[in-house]
Each structure stands twice: as C-alpha cells, then as structure tokens.
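Novice: Can you keep this structure in mind? I'll have questions shortly.
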Amino acid sequence: MSENAISAQGVGRVYASDSGAVQALRDVSFELRRGQFVALRGRSGSGKTTLLNCLGGLDSPTSGQIKIHGKDISTLDEAARTQWRRQRIGFVFQQMGLLPSFSAYENLDVMARLGGLPRRERRQSIHECLELVGLLDYHDHRPYEMSGGQQQRIAIARALVTAPDLILADEPSSELDSETTHEIMGVLKTFVRERGVSILLSSHDPIVSEYVDRTLTLRDGQLMGAGEAPA
C-alpha cells in the first residue's frame, strides 16, 4: 500500500453558473502520509468542502489527479466509486447526519451494512467503535436523547465502523463548545495514533491546531501553504 494516504496533483474544479465559470479549486497539489492528522483551513468559500468532496469521491475534479492509497479514483465508474467510498472512506460532517429515529447502534449498523461488513463482524465492530468514543452505554439512545458532543462522537464512531483507511471531516466542531471540541479532537487523535487512520479535517477553530500534525491553507481555491504543528 502507498505510504501516502492522499496524493493530489494539479487538482482543479470548475462549476458552471449563470454568470459564467466559477473556479472552485485551482491547481491544488499536496500529499498526506499514512497515519497523519492534517487540518485544512480557509475562509468560507475558499474551496475546503469542494476539495474534501473530490478527495472522497463525492465530486470529480475538472483537472488533475487524485490518488487515495495509490489508487487513482478517477478510473472507477460510479458504482465502483460508491462501493469504494463506503468501504474505505469515513465521513464526518458538520451537521452529523444521524438518522433521528434510529438508536446510536442502529446508526452505525446502517453504515456497516452499506460498507458490506458480514453480519458476524458488524456487531463486534459497532461495539468496538462505540467503546472507543466512550458511548457504549448509550447504544440504545437516539440522537435527541444525547448532547451535541455525544452526537458528534456517535458520528465519528459511525465513520470508523467499516475500518476506513482515511477519514474526511468537514467542520465537525463548528457547533460545539471549546470543552467538547477538545474532547472530539482528542478522540480523533487517539484514532490516528492507535489505529493508523489518516485524517484530513477542515476547521476554522484554533483549538484544532493543538492536535494536528500539519496545516494546509486554501485561499480562493488555491493552496497557500503547509506547515508542521508545533512540537
């Protein structure tokens, strides 16, 4: 397997609009090593979500190449890309997207089924992930019965249930207070260190800088710089 979880070369994304072409990404190139925790920064409209969607196969770049663990995802047709995404990529979204009428266990079970986990493995994986985020005792709780921080931890557990190689997180702490943000970032860093998962997380929150290994900055769709986190 490639030492790079992500290799992006010259990635561009252009959208058509009534007023003409909109260049959402411009010649974005970077690499993210396996087992690395990287923050993606930039103002609203800078292209962060577009980049995450392209990396996760939810959108396709207009130009350039994206390899995830050495696989050029542009070579996959839509059905193969969907299956690859369900099995190999974990998504954590700002709005979490938990099914409100489903328990925590059932929310993870849906993702495990979509990811093709055999029935005998699903229960074990769900229990392990809920235990990792400290919410095994909440397995039968529905989202409205949990705090915002607990819901976000369930969303993280859901992203991990298929044992993905890469987690893409889009502003996962934007609705959380600082104490809960520290809690969530600590959980994510533990996954990186103990499981070798690679994480690319977009965020405006300065707290995130305390936990990541590197920071990438987007401005008007262009990558402006990358730095190592302070020791």
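Novice: Go through the stretch 166-183 residue by residue and tally those that are within 19 Å of ARG85 (Cα to Cα) and either among the aromatic types (Phe, Trp, Tyr) or free of Cβ contacts under 8 Å to residues at least 60 places away in the same chain (or both).
Specialist: Matching residues across the stretch 166-183 total 0.
Novice: Answer yes if at least one residue in the stretch 139-157 is part of a helix (DSSP H, G or I), modelled with pLDDT under 90 and among the aromatic types (Phe, Trp, Tyr), and no otherwise.
Specialist: Checked the stretch 139-157: no residue is part of a helix (DSSP H, G or I), modelled with pLDDT under 90 and among the aromatic types (Phe, Trp, Tyr).
Novice: Same structure, new question: Within the stretch 160-179, is there a residue that is under 21 Å from VAL192 (Cβ atoms), outside any loop (DSSP other than H, G, I, E, B), touching a Cys at 6+ places or on another chain (Cβ under 9 Å) and hydrophobic (A, V, I, L, M, F, W, C)?
Specialist: yes
Novice: Quick one: which residue in ILE6, ILE66 is among the β-branched types (Val, Ile, Thr), in contact with a Phe, Trp or Tyr (Cβ under 9 Å, 6 or more places away or on another chain), part of a strand (DSSP E or B) and within 29 Å of GLY196 (Cβ to Cβ)? If you could, list the steps in order and put the result at the bottom.
Specialist: Details: ILE66 fails: in contact with a Phe, Trp or Tyr (Cβ under 9 Å, 6 or more places away or on another chain).
After ruling out the rest, the residue left standing is ILE6.
Novice: When only residues in the stretch 191-208 that are under 16 Å from HIS69 (Cβ atoms) and part of a helix (DSSP H, G or I) count, which is farthest from the chain's Cα centre (by Cα)?
Specialist: Initial filter on the stretch 191-208 (under 16 Å from HIS69 (Cβ atoms)): 192, 195-200.
Next cut, part of a helix (DSSP H, G or I) only: 192, 195.
On the way: VAL192: 12, ARG195: 15 Å.
Per the stated criteria, the residue is ARG195.
Novice: Looking at ASP59, ASP109, ASP27, which is the one that is in a helix (DSSP H, G or I), of a type in the set (Asp, Glu) and either in contact (Cβ under 8 Å) with a residue 12 or more places away in the chain or over 17 Å from ILE6 (Cα atoms) (or both)?
Specialist: Numbers: ASP59 fails: in a helix (DSSP H, G or I); ASP27 fails: in a helix (DSSP H, G or I).
Result of the check over ASP59, ASP109, ASP27: ASP109.
Novice: Kindly indicate whether LEU130 is closer than 19 Å to GLU145 by Cβ and assigned to a helix (DSSP H, G or I). Full working, then the answer.
Specialist: Numbers: closer than 19 Å to GLU145 by Cβ: yes; assigned to a helix (DSSP H, G or I): yes.
Spelling it out, LEU130 is indeed closer than 19 Å to GLU145 by Cβ and assigned to a helix (DSSP H, G or I).
Novice: Return the only residue of LEU51, LEU40 being under 23 Å from MET185 (Cα atoms), under 16 Å from the mean Cα position of the chain (by Cα) and either among the aromatic types (Phe, Trp, Tyr) or in a helix (DSSP H, G or I) (or both).
Specialist: Values: LEU40 fails: either among the aromatic types (Phe, Trp, Tyr) or in a helix (DSSP H, G or I) (or both).
After ruling out the rest, the residue left standing is LEU51.
Novice: Shifting gears a bit: So, in the stretch 132-159, exactly how many residues are in contact with a Lys or Arg (Cβ under 8 Å, 6 or more places away or on another chain) and of a type in the set (A, V, I, L, M)?
Specialist: First pass over the stretch 132-159, keeping only residues in contact with a Lys or Arg (Cβ under 8 Å, 6 or more places away or on another chain): 133-135.
If we keep only those that are of a type in the set (A, V, I, L, M) as well, we get 133, 135.
Total satisfying the criteria: 2.
Novice: Output the residue which, of all residues in the stretch 164-189 that are modelled with pLDDT of 85 or more and aliphatic (A, V, I, L, M), is surrounded by the fewest Cβ atoms within 10 Å (Cβ to Cβ).
Specialist: LEU166
Novice: I want to confirm something. Restricting to the stretch 69-106 and keeping residues that are part of a strand (DSSP E or B) and either at pLDDT below 90 or in contact with a Pro (Cβ under 8 Å, 6 or more places away or on another chain) (or both), which single residue is surrounded by the most Cβ atoms within 10 Å (Cβ to Cβ)?
Specialist: Residues of the stretch 69-106 part of a strand (DSSP E or B): 71-72, 89-93.
Those still in the list that are either at pLDDT below 90 or in contact with a Pro (Cβ under 8 Å, 6 or more places away or on another chain) (or both) too: 71, 89-93.
Working: LYS71: 15, ILE89: 21, GLY90: 27, PHE91: 22, VAL92: 24, PHE93: 17.
So the residue we want is GLY90.
Novice: A further question on this structure: For residues that are charged (D, E, K, R), at pLDDT 90 or above and over 29 Å from PRO61 (Cβ atoms), tally how many sit in the stretch 190-231.
Specialist: The total comes to 1.
Novice: Separate question: Evaluate the following for SER198: is it in contact with an Asp or Glu (Cβ under 9 Å, 6 or more places away or on another chain) and among the polar types (S, T, N, Q)? Write out each step before concluding.
Specialist: On the way: in contact with an Asp or Glu (Cβ under 9 Å, 6 or more places away or on another chain): yes; among the polar types (S, T, N, Q): yes.
Yes.
The values are calculated or read from the model by the stated rules, or taken from the named source; none is laboratory data. Please read all numbers here as calculations on a predicted model, not as lab measurements. Ideal geometry is used to build each Cβ from the backbone, glycine not excepted, and the neighbour counts take in all protein chains shown.
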